Amino acid sequence: MPRLPRLAGLATATLALGLVAAAPPAAGRPAVPDARSAAHPTVAGSRIVAHFDLAKGQTPENIALEPDGSADLTFAYAHQVAHVTLDGHTHRRATLPTVTNPATPVIGSAIATGIARAHDGTLYVGYATGTRATGIWRIAPGGGRPRQIAELPPNGLPNGLVLDERRHVLYAADSALGMVWRIPQRGGTPTAWARATALDPLPAPPASGFGANGIKLHGDAVWVSNTDRGTLLRIPVRDDGSAGRIETRATGLDGIDDFAFPGHGENVLAALNPSSRLALVRPDGSHTIVLTGDDGLSNPTSVAVRNWTVYVPSAAYFTQHDPNLLLASLHHWTRD
């Protein structure tokens with residue numbers, strides 16, 4: 001994620017990952033559209049359902065969906081986890097501890113980053129501080145005081161986070177160190193699971209200093225975006241749990257942040273943060289812009305899809321205007 005301008009009343013720059021919420025299943029429709037069914041997804045009918053307060057650090061970074069379609073999300077600079085209902089009502093669920101003299105790489109300030117939810121409601125949150133508080137924190141179902149379960153290097157920047165409950169591990173993309181960490185779900189010592197040039201940031205300046213950023217588990221592989229390189233990567237998970245060879249699936253995605261799969265296939269909806277755009281990335285690596293700032297995006301940080309609804313949060317890091325949560329409808333057309 002690019003280096004960002006100073007926020008009013010807050011410390012220096014930031015990254016972006018995002019928040020997103022989700023809608024309950026529509027009666028009589030399939031639970032998840034199948035992108036293998038010879039169709040490409042696109043989005044239409046956008047509307048903003050929640051506005052956030054930039055001055056209070058309510059810059060949405062990442063999201064975990066609840067069974068009822070509401071969402072738990074991280075506010076980066078407020079280092080909070082908030083709950084957003086389907087009608088846009090927002091309340092605080094937990095606050096990560098204040099860090100004295102934070103020194104987060106690239107950013108400086110302490111920020112809450114990725115979030116993942118277990119089936120029992122436990123939340124896992126990334127926290128980047130430049131201190132020993134950097135790592136993965138757990139929040140009990142229903143909220144409460146967060147507890148650190150894994151410490152990551154202070155010179156790293158844990159960003160995107162995904163949970164693999166089948167293997168009982170979390171994967172965290174490290175934007176500063178250019179790698180993917182693997183962390184036991186119960187907590188403990190992290191493992192450097194994948195590290196390669198493809199995950200590295202480029203020197204900042206002139207680049208942002210953000211390498212591996214967004215992360216998803218899909219098709220028995222870990223998918224990662226690289227912001228500085230504008231790429232979407234796929235890392236197979238081998239039978240023994242180790243990382244396979246990194247594959248580049250798409251390039252030219254300038255400022256890519258987090259992303260989501262709108263079906264079972266390999267179509268991807270990707271947030272292009274600085275340019276306030278949402279891209280549809282096809283399996284062949286080509287992409288089309290499907291939402292822009294004219295639709296209400298203001299530096300989108302990530303994407304989530306539930307049934308036929310697409311949610312895109314915007315953190316307004318560059319625009320400094322209207323951090324929000326936007327919803328749109330997912331549509332399909334016949335593959336050429």
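The values are calculated or read from the model by the stated rules, or taken from the named source; none is laboratory data. Computed from a prediction, not measured in an experiment: that's the story for all the values here. Heads up, the Cβs are rebuilt from the backbone with ideal geometry, glycines too, and the neighbour counts pull from every protein chain shown.
Details
- Gly126 modelled with pLDDT of 95 or more and either in contact with a Ser or Thr (Cβ under 7 Å, 6 or more places away or on another chain) or part of a loop (DSSP other than H, G, I, E, B) (or both): yes
- Those residues of segment 57-70 which are within 22 Å of Trp137 (Cα to Cα) and more than 13 Å from the chain's Cα centre (by Cα), in sequence order: Gly57, Gln58, Glu66, Pro67, Ser70
- Scanning segment 29-69 for residues that are farther than 21 Å from Ala116 by Cβ, modelled with pLDDT under 85 and surrounded by fewer than 22 Cβ atoms within 10 Å (Cβ to Cβ) yields a count of 11.
- Restricted to segment 92-120, and to residues there that are touching an Asp or Glu at 6+ places or on another chain (Cβ under 8 Å), more than 18 Å from Gly214 (Cα to Cα) and free of Cβ contacts under 8 Å to residues at least 60 places away in the same chain, the residue that is surrounded by the fewest Cβ atoms within 10 Å (Cβ to Cβ) is His119.
- Counted residues, segment 174-205 - those being in contact with a Pro (Cβ under 8 Å, 6 or more places away or on another chain), closer than 18 Å to Ile149 by Cβ and not basic (Lys, Arg): 3
- Cross-chain or 6+ apart pairs with Cβ under 9 Å, segment 306-330 first and within 13 Å of Pro60 (Cα to Cα) and touching a residue at least 24 places away in the same chain (Cβ under 8 Å), then acidic (Asp, Glu) and in a strand (DSSP E or B): Pro313/Glu61; Ala315/Glu61
- Of all residues in segment 142-159, none satisfies being within 21 Å of Val222 (Cβ to Cβ), of a type in the set (Lys, Arg) and touching a residue at least 24 places away in the same chain (Cβ under 8 Å).
- Residues of segment 60-83 that turn out to be more than 17 Å from Leu161 (Cα to Cα) and either touching a Ser or Thr at 6+ places or on another chain (Cβ under 8 Å) or touching a residue at least 60 places away in the same chain (Cβ under 8 Å) (or both), as a count: 5
- Of the residues contained in segment 195-205, one or more are found to be part of a loop (DSSP other than H, G, I, E, B), under 13 Å from Ala173 (Cβ atoms), of a type in the set (Gly, Ala, Ser) and touching a residue at least 40 places away in the same chain (Cβ under 8 Å).
- Taking the criterion of being among the hydrophobic types (A, V, I, L, M, F, W, C) and either modelled with pLDDT under 95 or in contact with a Pro (Cβ under 7 Å, 6 or more places away or on another chain) (or both), the only residue of segment 237-260 that qualifies is Ala260.
- Among the residues making up segment 267-294, those that are closer than 17 Å to Gly219 by Cβ, under 19 Å from the mean Cα position of the chain (by Cα) and touching a residue at least 60 places away in the same chain (Cβ under 8 Å) are Asn267, Leu269.
- Residue match in segment 80-87 (condition: under 19 Å from the mean Cα position of the chain (by Cα) and small (Gly, Ala, Ser)): yes
- Restricting segment 276-327 to residues that are closer than 17 Å to Phe261 by Cβ and of a type in the set (Phe, Trp, Tyr), the residue that is surrounded by the most Cβ atoms within 10 Å (Cβ to Cβ): Tyr311
- Any chance Gly156 is surrounded by 22 or more Cβ atoms within 10 Å (Cβ to Cβ), assigned to a strand (DSSP E or B) and not charged (D, E, K, R): no
- Selection from segment 199-222 of residues that are of a type outside the set (Asp, Glu) and farther than 23 Å from Gly265 by Cα: Leu199, Pro201, Leu202, Pro203, Ala204, Pro205, Pro206, Ala207, Ser208, Gly209, Phe210, Gly211
- If only residues of segment 40-84 that are part of a strand (DSSP E or B) and charged (D, E, K, R) are counted, the one that is farthest from Leu291 (Cα to Cα) is Asp72.
- Looking only at residues of segment 167-194 that are on the phi < 0 side of the Ramachandran plot and either outside any strand (DSSP E or B) or modelled with pLDDT under 95 (or both), we find that the one that is surrounded by the most Cβ atoms within 10 Å (Cβ to Cβ) is Ser175.
- Gly265, sole failed condition from (1) out of contact with any Leu (no Cβ under 8 Å at 6 or more places or on another chain); (2) more than 24 Å from Val125 (Cα to Cα); (3) surrounded by fewer than 20 Cβ atoms within 10 Å (Cβ to Cβ); (4) not acidic (Asp, Glu): (3)
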